Amino acid sequence: MQDRFKRAITARIKIREELKEIDIFDIISKRYDIRTLRITRNMERTKYVEGKLINAFLYTYMRNKGIPMKVSNISDVFEVERFRNGRANTEFDAPKLIYNNLLIDYYNRGLAADDEFVSFISYYHIIEYYLDEVFNEQLISNVKNIITRPDFSYKNNKKIKEIIDTLHKDMRMVKDNGGGNEKQALTYVLNKYLKDIDKFKLRIGDSYCEYYRNTRVPFSKGAMIDWSNKIKIIDKVVDRIYTTRNSLVHNKSGKKDSSYNHNKDKQYLKMEIPLVKAIAEIIIEDSAQEL
């Protein structure tokens, strides 16, 4: 009786020791064909810093692999789907920048979305995140440019009128809620972040650049982009993505010919995603802080 008891105790101890050696995340990743990340806590780092570092890794991974990724509870793992649009052979270094957490969430949503509508709008949310900030920066810059000129005098009514006219020009379409002219603000944002058009085109890809040069957006009538006209490129990009965004979110009876129809237009919308995605990536990266 004692021998049987000892053998049972020994077996239980052995099982417990074997269980300690089992990597639960390895089992989950193989069973559900997903990728997992093991994080070892450094006690010198706060949870806030750790969260920033995790998001830095998430964006670096998603940007290079083209695969959506997020931090989940273990209970969420069983609802994770496999995405096959990744660039599995792409190698990348450890992240060197810390990114805006909210923008990473939008980026993940755009990358993971099966619906072209959700994907486009998610990337557009990244662009419009800085609309008010950059719009106000530009207003301040415009006024400063006037009042710092050597010929400016607050006693000169013509100079004061020049300030008023400048503000009125930029804010002629200001909404009741205090928001600025969104298309003008969008122009300011793109002028701020799309400073290297050649690198921007490389990020988009030759085939898409050629498509945007030769084809208007069928459902929104978004402008073609003449890449050879350096002066007009930003204006054309703004027109293309802004009219497409309006077509998606507005459905007015008087503009049925420019409203988005999912069944008819989803393939055309799919072609617009690389453009808005490239802009979103540039904004995420250029607005980041050094690690």
Against the conditions (1) modelled with pLDDT under 95; (2) farther than 18 Å from Gln267 by Cα; (3) not basic (Lys, Arg), where does Asp226 fall short? Just the number, please. (1)
Report those helices (runs of 4 or more DSSP H) wholly inside the stretch 55-165 carrying at least 2 residues which are modelled with pLDDT of 80 or more and within 14 Å of the chain's Cα centre (by Cα). 101-112, 116-128
Pairs, please: C-beta under 9 Å, at least 6 apart or cross-chain, first residue within 9 Å of Ser220 (Cα to Cα) and at pLDDT below 60 and in the stretch 244-257, second loosely packed, with under 10 Cβ neighbours inside 10 Å and not β-branched (Val, Ile, Thr)? none
Restricting the search to the stretch 122-140, which residues are under 12 Å from Leu167 (Cα atoms) and exposed (fewer than 15 other Cβ atoms within 10 Å of the Cβ)? Asn136, Ile140
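The values are calculated or read from the model by the stated rules, or taken from the named source; none is laboratory data. If you're wondering where the values come from, they're calculated on a predicted model, not measured in any experiment. Backbone-built Cβ (ideal geometry, glycine too); neighbour counts: all protein chains shown.
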